[in-house]
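The values are calculated or read from the model by the stated rules, or taken from the named source; none is laboratory data. Because the structure is a prediction, the values reported are computed rather than measured. Backbone-built Cβ (ideal geometry, glycine too); neighbour counts: all protein chains shown. Surface areas here come from the heavy atoms of the whole protein model, side chains and all, with no ligands, DNA or RNA. Shrake-Rupley method; radii C 1.70, N 1.55, O 1.52, S 1.80 Å.
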Amino acid sequence: MALRQAGVAVSFLADMDEWPAESGLPAEEVHGPVDLVLFGVNPDRALSEAQRLERLVITGTPVVALLPGIRRLSWAANAAPRLQWIRCVVRSGAASAQPQAPGGSAKPLLCLTANSRLARWQGCFERAGCVVDLRPDMRAVQWGQTMLQLAALCVLLSGRSMDDWLQSRSGRTELARLWEETLDLLKLSDVEPAPMLGIPWRVASMMLRMSDAPFAWLAARHFVAVREEISGLIPSKGAQLEMQIDASCGEVMRLAMGLGEDAPRAVRLAEQLTLLYRVAFHGPEALLAWDL
């Protein structure tokens, strides 16, 4: 809708079935030329929808993958190799200084894979109210976002607010161990996650282990700066929680399996959150029992 208001011609499809592929008509004859696709589908149907999309648009069409996690894009790209897949991370309230929207809140930040075709769209997204960061290291950015998601899930599991959780050394230490486990696995994969906190993740992990007084002084500089962003990642519905477990803990576990290693802390967090899902949610639309 924001792109439409910025003057971009947008065809919004709530479902791929709205594209009459059965008629045999190419996309250009149904909706006009397709220059860019924003691919946000049910994650469980990403592969089949990617294959359907490939039959409807011309070869090489850039597709921004609005999919949770990291591996789903690789799976979709393998299912539809003729399309140009673009990694994407959407950040809101990010730590880095951003222009403010008219209402006073930070504009959403779109981190996208840098390439010449996508660069032509930067002005359109900025007119639509976004800050665009074209990155050559999107895999590192995705893992940096995953580290933030792991923090959000640890806060959720504690049953506390973000501010209260930051004052709990035991909770901070659990996250530090989880981060260190993930960083050890990423080092074996030659991946250095982007420093979303403005400092290296190893340093952030060391800070979490500090006693309350020195941490409170340091947290004001780093962790509090992303408090809104981490809080925004805390799922409020059952379906969101289930998906976020897979898109964070699941990514760490898949990484470990690919390396022939273990990830016991990620497994433990996933198990605890799965139990929470079963107890605290009575359906995909039920709200959390805690008031966060």
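Numbers below:
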item	result
Single unsatisfied condition, Gly123 versus (1) in contact with a helix residue (DSSP H, G or I) (Cβ under 9 Å, 6 or more places away or on another chain); (2) over 22 Å from Leu275 (Cα atoms); (3) part of a helix (DSSP H, G or I); (4) small (Gly, Ala, Ser)	(1)
Among the residues listed as Ser248, Ser205, the single one being over 30 Å from Asn42 (Cβ atoms), in contact (Cβ under 8 Å) with a residue 24 or more places away in the chain and open to solvent by less than 10 Å² (accessible area, probe 1.4 Å)	Ser205
Set Met147, Met162: member being under 21 Å from Leu186 (Cβ atoms) and open to solvent by less than 40 Å² (accessible area, probe 1.4 Å)	Met147
Meets criteria (more than 27 Å from Leu241 (Cα to Cα) and modelled with pLDDT under 95) for Arg160	no
First in the stretch 167-179 and farther than 10 Å from Ala151 by Cα, second anywhere and outside any helix (DSSP H, G or I) and among the polar types (S, T, N, Q), Cβ under 8 Å, 6 or more apart	Arg169/Ser211
Candidates Glu192, Glu174 - the one that is surrounded by fewer than 19 Cβ atoms within 10 Å (Cβ to Cβ), of a type outside the set (A, V, I, L, M, F, W, C) and in a helix (DSSP H, G or I)	Glu174
Helices (runs of 4 or more DSSP H) enclosed by the stretch 198-292 - at least 3 residues per element that are modelled with pLDDT of 85 or more and acidic (Asp, Glu)	238-259
